[in-house]
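The values are calculated or read from the model by the stated rules, or taken from the named source; none is laboratory data. Predicted model, so just to flag it, every value in this text is computed and none were measured. All Cβ positions, even for glycine, are placed from backbone atoms using ideal geometry, and neighbour counts span all protein chains on display.
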Amino acid sequence: MSQYLWADTQNAMVKQRRAKYAIGDVVKHRFFSFRGIIFDVDPVFANSEEWWESIPEDMRPAKDQPFYHLLAENEETEYIAYVSEQNLLADESGEPLRHPQLAEMFDELEDGGYRIRSSSAN
């Protein structure tokens, strides 16, 4: 369970929202055939309107939920993805990730999980 709490200040009453996933979690898309590791979390939608409107209207997720930045991959390629919480599921396959930027941000653990690399001061 994520330790991130977000305040929804758009409402008169402030309510706390807990992100379901955390940095380092491996997830897969609910509808599309890709998976990845979370490297950043936005408490609500924080991309461009152009990007938002490029999503078919019948598939557009709500903006008032966490959105996750992923080092993503499918069978053909690796890329960066931006995905709403409602469209993610935990990936419990245990398969290692192959994204080329993975080693820059994460250490792989013996149990197959990942831990964010700690930055060291020079």
Positions within segment 24-61 being among the β-branched types (V, I, T), closer than 21 Å to N74 by Cα and over 9 Å from the mean Cα position of the chain (by Cα), in sequence order: I55
Enumeration of residues in segment 103-122 that are in a loop (DSSP other than H, G, I, E, B) and among the hydroxyl-bearing types (S, T, Y): S118, S119, S120
Members of segment 26-36 that are closer than 12 Å to V83 by Cβ and either surrounded by 16 or more Cβ atoms within 10 Å (Cβ to Cβ) or not charged (D, E, K, R) (or both): V27, K28, H29, F31, F32, F34, R35, G36
Positions within segment 108-117 being among the charged types (D, E, K, R), farther than 12 Å from I37 by Cα and surrounded by 11 or more Cβ atoms within 10 Å (Cβ to Cβ), in sequence order: R117
Matching residues, segment 56-102, being exposed (fewer than 12 other Cβ atoms within 10 Å of the Cβ), in a loop (DSSP other than H, G, I, E, B) and out of contact with any Ser or Thr (no Cβ under 9 Å at 6 or more places or on another chain): P56, E76, T77, E92, S93, G94, E95, P96, R98, P100
Leading residue by the ranking (surrounded by the most Cβ atoms within 10 Å (Cβ to Cβ)) among those in segment 37-55 that are of a type in the set (D, E) and over 30 Å from E108 (Cα atoms): E53
Tally of residues being assigned to a loop (DSSP other than H, G, I, E, B) and of a type outside the set (G, A, S) across segment 20-38: 8
The one condition in (1) at pLDDT below 90; (2) more than 17 Å from the chain's Cα centre (by Cα) that G113 fails to fulfil: (2)
